[in-house]
Amino acid sequence: MISHVTINQRDIAYDARAQQAALSVTVHHRDGGTEPSLLVMDPGQVELYAIQLDQAIAKRKSAQEDAAR
């Protein structure tokens, strides 16, 4: 059973022919095992995740600024 997935620190790949982006990830299993995999995204998913990550970055920055006050 999978516990979580983490993004590997590698560049994202884009296949123009298939119009898909692929992000290298590691799948972590509850028994402690891991395996490499890919998160394959279509253009709409890439745009959605970009928006969501921008929002997360803005929330983190705001929280850091609030903590500094």
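For the pair TYR14 and TYR49, label points projected 7 Å from Cα toward Cβ lie 1.4 nm apart.
Note on the chain: dipole from Cβ charges, positive end direction compared against ALA58, THR26, GLN9; the farthest Cα belongs to ALA58. The overall shape of the chain is oblate: from the C-alpha gyration tensor, with semi-axes ordered a ≥ b ≥ c, the ratio a/c is 1.5 or greater and a/b is no larger than b/c. Its Cα centre serving as origin, the chain has a Cβ charge dipole (Lys and Arg +1, Asp and Glu -1) of approximately 200 debye. The separation of region 52-68 from region 3-45, counted between C-alpha centres, amounts to 25 Å.
Every number here is computed from the coordinates shown, using simple stated rules; none is lab data. Everything numeric here is computed off the predicted structure, so don't read it as measured data. Every residue, glycine as well, gets a Cβ built from its backbone with ideal geometry; the counts of neighbours run over all protein chains shown.
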